[in-house]
Amino acid sequence: MRAAISLALLVGSYALAAGAAAAGPARPPGAGAPAPAVDAPRPVPADSLDAARPVPADSKVGADCTLKGKRLAGKVQVVDHFADFKVKVVEHFPDLRVQFVDHFPDDCGQWQLVDHFPDFTITYVDHFPDLEIQKVAHFPGRP
């Protein structure tokens with residue numbers, strides 16, 4: 001009988017302790033609402049989600065669509081020697097998706113092939129590229 005009462009008291013005190021721990025520390029009367037948790041997540045404004053998106057560590061193209069300080073949009077000339085970038089064309093997992101356009105290469109990944117006055121130059125290579133690209137018809141830019 002004594003063992004049953006001791007067990008009941010033990011279980012009851014455990015339930016009270018668990019309820020008090022769930023309720024948080026005791027506050028003096030009139031203390032108001034509890035302070036928010038230190039590690040509580042803060043809401044992020046929707047308009048800053050794209051700008052705050054981290055760049056993967058293995059990505060060669062920056063969040064502002066640059067590589068080695070040059071923007072990867074605009075007029076491009078293909079040369080054999082002394083190019084700004086060595087480029088390899090791949091089918092999967094590119095650093096940049098490129099759309100070749102005839103006019104107004106303004107967006108990231110839109111390139112217009114020219115013979116004179118390029119914004120940057122490229123040469124195609126099979127090994128050790130600075131940049132791996134995938135040729136696309138729609139949706140150019142960072143993957």
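Summary of computed values
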{"quantity": "Dipole of segment 58-135 [Lys/Arg +1, Asp/Glu -1 at C-beta], most positive-end residue of 109, 61, 90", "calculated": "61"}
{"quantity": "Note, ³J(HN,Hα) from phi for segment 136-143, Karplus 6.51, -1.76, 1.60, rounded to Hz, x at Gly and Pro", "calculated": "10, 8, 9, 6, x, x, 6, x"}
{"quantity": "Inter-probe distance in nm under a simple model that places probes 7 Å from Cα toward Cβ, at residue 124 and residue 66", "calculated": "2.9 nm"}
{"quantity": "FRET efficiency, 1/(1 + (r/R0)^6) with R0 35 Å, evaluated for residue 114 and residue 93 via beta carbons", "calculated": "0.80"}
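Readers should treat all values here as calculations from the given coordinates under stated rules, not as data from a laboratory. Since the model is a prediction, treat every value here as computed from it, not as a measurement. Positions of Cβ are generated from backbone atoms using ideal geometry, with glycine treated the same way; all protein chains shown enter the neighbour counts.
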